[in-house]
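Just so it is clear, none of the values below were taken in a lab; they were calculated from the coordinates. None of the values given here were measured: they were computed from a predicted structure. Note: ideal-geometry Cβ built from the backbone for every residue, glycine included; neighbour counts use all protein chains shown.
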Amino acid sequence: MIATSGGARWGLPKGHVFVGETPEAAAQREIEEETGLTGEVLQPLETIEYWFRAGRTRIHKFVDLYLLRYQQGEVVPQEAEVDDARWFNLDEAILTASFPREQAVLERVREMWRRGELP
């Protein structure tokens with residue numbers, strides 16, 4: 001997970017999809033950029049949407065979340081956009097996540113894990 005807002009908000013890595021890039025490739029790229037880790041996309045999880053403000057502008061954001069399998073790397077937060085990056089087990093991640101929609105996705109992953117539904 002990554003921390004932003006001076007370390008006050010913890011969430012899942014995310015970012016923009018470049019022209020010509022698939023959402024899956026963007027997920028892999030953003031995770032590597034923000035955390036230093038590389039992973040293999042296993043399956044889509046969910047698309048969440050929310051509104052936020054950037055100055056005086058209201059922005060409607062859609063985020064495609066994917067389940068990835070860790071491949072390699074050490075956790076190194078991206079200094080330009082991320083205040084911290086850490087590994088959490090699922091229970092800790094659910095409790096640490098600052099955003100209810102991300103907590104719900106993590107809870108869904110925990111249930112999939114418990115039922116043996118993850119690759």
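List of remarks:
- Segment 37-77, subset of a type in the set (S, T, N, Q) and in contact with a Phe, Trp or Tyr (Cβ under 9 Å, 6 or more places away or on another chain), residue farthest from residue 16 (Cα to Cα): 43
- Restricting attention to segment 3-23, the residues that are surrounded by fewer than 17 Cβ atoms within 10 Å (Cβ to Cβ) and among the hydrophobic types (A, V, I, L, M, F, W, C) total 4.
- Exactly one residue out of 26, 85 is in contact (Cβ under 8 Å) with a residue 40 or more places away in the chain and either aromatic (Phe, Trp, Tyr) or buried (at least 16 other Cβ atoms within 10 Å of the Cβ) (or both), and it is 85.
- When we screen 80, 93 for residues that are surrounded by 14 or more Cβ atoms within 10 Å (Cβ to Cβ) and closer than 19 Å to residue 14 by Cβ, the only hit is 93.
- Subset of segment 40-77 (residues that are loosely packed, with under 10 Cβ neighbours inside 10 Å, part of a strand (DSSP E or B) and either among the basic types (Lys, Arg) or in contact with a Gly (Cβ under 7 Å, 6 or more places away or on another chain) (or both)): 53, 58
- Taken over segment 1-39, residues that are touching a helix residue (DSSP H, G or I) at 6+ places or on another chain (Cβ under 7 Å), among the small types (Gly, Ala, Ser) and either under 18 Å from residue 87 (Cα atoms) or not in a loop (DSSP other than H, G, I, E, B) (or both) amount to 2.
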